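One structure below.
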Amino acid sequence: MRKLILFTFFLVFYFQANAQLSRLKRASDAMSDLDYMTAIVLFQQVLQDEDNPEAKINLAECYRKINDTENAEYWYGQVTRLPEARPIHKLYYGMMLQANNKCDLAKMWLLQYQKEVPDDARGQFLARACDMREELLNKNKGIYVISRMPFNSKYDDFAPALFNNKVIFASDREVGSAIKRTNMWTGNPFAQLFSVPFGIGGVQPGDFTYDRAEKFSKDLNSKFHEAAVSFSPDQKTIYFTRNNYFDGKKGKSDEGLVKLKIYYGKAGSNGDWNVEGGLPFNSDEYNVAHPSISIDGKRLYFSSNKPGGFGGMDLYFSDLQGTIWGPPINLGPVVNTEGNEIFPFVDINNRLYFSSNGHIGLGGLDQYYTTPGEGKAWNLPVNLGAPINSGNDDFGIIFGPTGEWGYFSSDRDHGVGGDDIYGFQKSASPVEVYVYDPQTNQPLSGAAVSNSLTGVNMMTGPDGKIAFDMRLTDCTDFSVQKKGYENNMKNACATASTPGQLTRVEIALQKQANYIVQGIVFDMMNGMPAEGAQVMITNDCGKPIPALVTTRGDGRFKFKLDKECCYSIRAVKDGYIADIQSDICTKGVAKNTTLKSSLSLQPYRDSEGFAIAPAEKDKSIQGPKFNLESGLYTNPNGSLATFELGEGLHVKDGILYDNGTISKPTQGDWERGTMGYVVDVYHDYDQSTLREESMTDLEKLYKTLRENPEISIQISSHTDSRGTDDYNILLSQRRADAVVDWLVQKGISKDRITGKGYGESKPVNACSDEATCPEEMHKLNRRTEFSIIGMRPSPTKAKTASCDGCPF
């Protein structure tokens, strides 16, 4: 008995499992046949009996396909928690959350998708859309006034077009048909073409008068879908989208699906249309849909998922070649994305409008426009913003003949049915900003253009243009920036324009002046390039100060300069007196100028006249050396030197060449003396007061102390040989003290200066006590010198130059 019960249990389980498998297969088959309504019911039945990952994934997909974003959000939320979840499910979950106005949560999932699939720009674009939500909601306030049309039904009404004061649109309302034509995708009837006559009784479509909607043409409508029509300029030819059905025959793809094609018809004498056939680029294997004819009738835009595109449905165009439409040309990756670009429309200003779910938008399908660029390029699409766009699907926009009003489709909240048709009045002028280089008269792509009204930044395309709409009563300041060019601003108004009339604004950008100062820091121990010197630059025009740099073995430095500015360059190194070059100015200097500057660092000298830099004393230096008197590099034997320094520097016949240009150290500020550096301080015989002609060197000494705050000095004063030794010691001390007092009065700290008198003990010539000398020789001994007696290392840190001394 127990075996029988056990067998019965397994038998029941077997039949239940097989029933589940059968139901799951039938659901999957229905989904493959695009019968999403049947598939949804069957997948739900499967999930009532078991927690099946495949059923959850497919149920989410079905709800997404029929644009039920609330149910799709719920089921994608379930799917993302499954081990079987793939990155694409995170993208779809984020898209559904965004469509349901849950942007913060949507952004998290979209960024996760972007991280996992970085090559798909949709994650990045849609996440950025959340950040731009407020901008898109407010950018076109006051420009568009929309109203829902009175001829909408409880079904889908979409894809409006204009023909002889009639609105032609597609609708899946079933009116007066004896044959039920059901679309398995939505469960509604197949769409047919309808028309509504209207009379212009006001300023916008909401004020117009509309008659009753009727079927547009018995010859165009078939037992499958018809939608999305466009008329030739003479309105004698119609282009329309239909399932693959012509002359009573239905065509299928290799997968057994009936794809969309574009057909065309000619106006008949009785007011109806004669269907002539399909366009030459139609295919049984992919969709070709949504035709739109240009104003001149010579170009046809359409949407297709033909192989070789960038994503789902891409935008293409075909040019009329005689009487035949030429091969399709893809609009390229600036316009087309990994998502869908559909429902193109060309207005009177040659703007191409379209709908997309792959660009930055408010959610679902948003409406955009682009303009032709140079050659085959197209400019970056512009989102129309609210109220034309919403968080739902918004698509199929068209404009009336003046560009002041038009219609579009949307499934936004508070509609009558699914997709509804809305009319709009546009109170704005289309604005085209053209940015160009006045020297070449060529357009500038990649220039950032913002306006003071919205603050929105837009980038010019290959043709140097951006396009947007501006209210007729508004003026704005356009600010334009581009790397390598001077910023520019221009004010423009649309007050003198009529609605739909193009306002063109031309803005020239001048190339930035490229000013550079470069040079070499020399170590005057031997006149060679100084390694490890710190070079800094300051200016008098309030510009940011670049980081100071440390020179490499070639001693080079380089800085960029601003226009109409003056600079000072300072080089410092421990053990050396800083050197400064001022009055390096770009005022009135030609553009793209390289200014030259060389700095020479004098090593500190002690009271015996020796260098006390952290290198060997200069008397022991071997090899070539710069001779200050001749201005040439000489060998120890006095001959002219020739040698290589590397990095483009070499000495030939005593002359230093920097990449072929003659260069050499500058004469130092201080003349070498027997006890350091000579200061030309003059005294009258037997006097210690400072004479007026001494002020030049004293000011120079004061400047040196101010620019080298790390050093302490000794002032050494001397007398000639006349007078007693003791008297001369006292006299020279008074002279040294006079210099010290003068420097202290100028603000130099007393603890940095000492004064010492040497009397007549250290003459510079043979005029000693017993010698008879002229006054000129005695005067040379009445001298004052200074020497370095202490120093503190500089705390400043610098960046070592990564190239030839340049910090940029």
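The values are calculated or read from the model by the stated rules, or taken from the named source; none is laboratory data. If you're wondering where the values come from, they're calculated on a predicted model, not measured in any experiment. Reconstructed Cβ throughout: ideal geometry from the backbone, glycine too, with neighbour counts over all protein chains shown. The accessibility values were calculated without ligands, DNA or RNA, using every heavy atom of the protein model including side chains. Shrake-Rupley method; radii C 1.70, N 1.55, O 1.52, S 1.80 Å.
Of the residues making up region 164-197, those that are of a type in the set (S, T, Y) and modelled with pLDDT of 90 or more are S171, S195. Answer with yes or no whether N336 is of a type in the set (S, T, N, Q), part of a loop (DSSP other than H, G, I, E, B) and either open to solvent by 20 Å² or more (accessible area, probe 1.4 Å) or in contact (Cβ under 8 Å) with a residue 40 or more places away in the chain (or both). Considered against the rule, which asks whether it is of a type in the set (S, T, N, Q), part of a loop (DSSP other than H, G, I, E, B) and either open to solvent by 20 Å² or more (accessible area, probe 1.4 Å) or in contact (Cβ under 8 Å) with a residue 40 or more places away in the chain (or both), N336 comes out as no.
Contact map, region 504-515: residues that are within 9 Å of P438 (Cβ to Cβ) paired with residues that are in a strand (DSSP E or B) and of a type in the set (S, T, Y), Cβ distance under 9 Å, separation 6+ or inter-chain. Pairs shown: A508/Y436; L509/Y436; L509/Y485; Q510/Y485. State all residues of region 532-543 that are touching a strand residue (DSSP E or B) at 6+ places or on another chain (Cβ under 8 Å) and in a loop (DSSP other than H, G, I, E, B); if no residue qualifies, say none. Result: G532, A533, D540, C541.
Within region 690-706, the presence of at least one residue that is open to solvent by less than 80 Å² (accessible area, probe 1.4 Å) and part of a loop (DSSP other than H, G, I, E, B) is confirmed. Of the set (1) over 26 Å from H650 (Cβ atoms); (2) over 33 Å from the mean Cα position of the chain (by Cα), all apply to K543 but (2). From the list T724, T772, T719, the one residue that fits, being crowded, with 20+ Cβ neighbours inside 10 Å and at pLDDT below 90, is T719.
Looking at P197, P233, P205, just one residue is in contact (Cβ under 8 Å) with a residue 60 or more places away in the chain, open to solvent by 20 Å² or more (accessible area, probe 1.4 Å) and of a type outside the set (S, T, N, Q), and that residue is P233. The set of residues in region 501-539 that are modelled with pLDDT of 90 or more, open to solvent by 30 Å² or more (accessible area, probe 1.4 Å) and over 22 Å from R570 (Cβ atoms) contains only E506. Taking the conditions (1) in contact with a strand residue (DSSP E or B) (Cβ under 8 Å, 6 or more places away or on another chain); (2) modelled with pLDDT of 90 or more; (3) hydrophobic (A, V, I, L, M, F, W, C) in turn, I713 satisfies each one other than (2). Just one of (1) at pLDDT below 85; (2) farther than 19 Å from Y76 by Cα; (3) open to solvent by less than 60 Å² (accessible area, probe 1.4 Å) fails for G123. It is (2). I'd like to check something: does region 291-304 contain any residue that is part of a loop (DSSP other than H, G, I, E, B) and within 20 Å of A191 (Cβ to Cβ)? For region 291-304, residues part of a loop (DSSP other than H, G, I, E, B) and within 20 Å of A191 (Cβ to Cβ): absent.
Against the list (1) part of a loop (DSSP other than H, G, I, E, B); (2) open to solvent by less than 30 Å² (accessible area, probe 1.4 Å), the condition V167 fails is (1). Take the conditions (1) of a type in the set (A, V, I, L, M); (2) over 24 Å from the mean Cα position of the chain (by Cα); (3) more than 23 Å from N58 (Cβ to Cβ); L91 misses just one of them, which is (3). If I ask for residues that are of a type in the set (V, I, T) and part of a loop (DSSP other than H, G, I, E, B), which ones from region 711-726 would you list? Those that are of a type in the set (V, I, T) and part of a loop (DSSP other than H, G, I, E, B): T719, T724.
The residues of region 484-500 that are among the small types (G, A, S), over 30 Å from Q581 (Cβ atoms) and open to solvent by 30 Å² or more (accessible area, probe 1.4 Å) amount to a single one, A496. Quick check on region 101-117: of everything there that is modelled with pLDDT of 85 or more and not in a helix (DSSP H, G or I), which residue is nearest to L362 (Cα to Cα)? Across region 101-117, the extreme among qualifying residues is K102. Can you give me the number of residues within region 727-765 that are part of a helix (DSSP H, G or I), within 23 Å of E692 (Cα to Cα), open to solvent by 80 Å² or more (accessible area, probe 1.4 Å) and in contact (Cβ under 8 Å) with a residue 24 or more places away in the chain? Within region 727-765, residues that are part of a helix (DSSP H, G or I), within 23 Å of E692 (Cα to Cα), open to solvent by 80 Å² or more (accessible area, probe 1.4 Å) and in contact (Cβ under 8 Å) with a residue 24 or more places away in the chain number 2. Of all residues in region 468-483, those satisfying the criterion of being modelled with pLDDT under 85 and either open to solvent by 10 Å² or more (accessible area, probe 1.4 Å) or charged (D, E, K, R) (or both) are F468, D469, R471, L472, T473, D474.
If you check T440, T460, which single one turns out to be of a type in the set (V, I, T) and open to solvent by 30 Å² or more (accessible area, probe 1.4 Å)? Steps first, please.
Details: T460 fails: open to solvent by 30 Å² or more (accessible area, probe 1.4 Å).
Selected residue: T440, the only one of T440, T460 that is of a type in the set (V, I, T) and open to solvent by 30 Å² or more (accessible area, probe 1.4 Å).
Residues in region 382-425 that are open to solvent by 20 Å² or more (accessible area, probe 1.4 Å), in contact with a Lys or Arg (Cβ under 7 Å, 6 or more places away or on another chain) and either within 16 Å of S292 (Cα to Cα) or not small (G, A, S) (or both): N392, E404, W405, V416.
Only one of the numbered conditions (1) closer than 27 Å to C103 by Cβ; (2) open to solvent by less than 20 Å² (accessible area, probe 1.4 Å); (3) not in a loop (DSSP other than H, G, I, E, B) is violated by G361, and that is (3). Apart from one condition, T323 fits all of (1) hydroxyl-bearing (S, T, Y); (2) without any contact (Cβ under 8 Å) to a residue 24 or more places away in the chain; (3) open to solvent by less than 30 Å² (accessible area, probe 1.4 Å); the exception is (3). Within region 480-495, residues that are closer than 15 Å to S450 by Cα and free of Cβ contacts under 8 Å to residues at least 40 places away in the same chain have Cβ atoms under 7 Å from residues that are part of a strand (DSSP E or B) and open to solvent by 50 Å² or more (accessible area, probe 1.4 Å) in these pairs: N487/Q481; M489/D477; N491/C475; N491/D477; C493/C475, counting only partners at least 6 apart in sequence or on another chain.
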